[in-house]
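Here the structure comes first, spelled out in structure tokens, and everything after it is commentary.
The values are calculated or read from the model by the stated rules, or taken from the named source; none is laboratory data. Keep in mind the model is a prediction, meaning the values are calculated, not measured. With ideal geometry, Cβ positions are generated from the backbone for all residues, glycine too; neighbour counts draw on all protein chains shown.
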């Protein structure tokens, strides 16, 4: 089967008609930067979930670094499988944790 440019134009026409309806249902879809920001905020505000942790300390440390934390203390894996320690973000010190799903949580000291 051969698809010509007319099929593509028709598909674009359908997409342009459906796009506003999709955007109204999901406002974050309008701006991808907002979506990324929201994801990172959600990740840092999720409470740590207990569970069998398969992360090594180095992997948990890299997750914290990817969230912008610096001066990360040695991390300790507690009895609930949550990596815990302290770290700096800007000029503030935080109690940080990484759960078995990779959720990063922080509480100011």
Positions within region 94-107 being surrounded by fewer than 17 Cβ atoms within 10 Å (Cβ to Cβ) and closer than 15 Å to residue 74 by Cβ, in sequence order: 95
Scan of region 63-109 for residues that are touching a helix residue (DSSP H, G or I) at 6+ places or on another chain (Cβ under 8 Å) and outside any strand (DSSP E or B), ordered by number: 67, 72, 74, 75, 102, 103
First in region 53-70 and surrounded by 12 or more Cβ atoms within 10 Å (Cβ to Cβ), second anywhere and modelled with pLDDT under 95 and part of a loop (DSSP other than H, G, I, E, B), Cβ under 6 Å, 6 or more apart: 53/81; 53/100; 63/102
Some residue of region 73-82 being modelled with pLDDT under 95 and surrounded by fewer than 11 Cβ atoms within 10 Å (Cβ to Cβ): yes
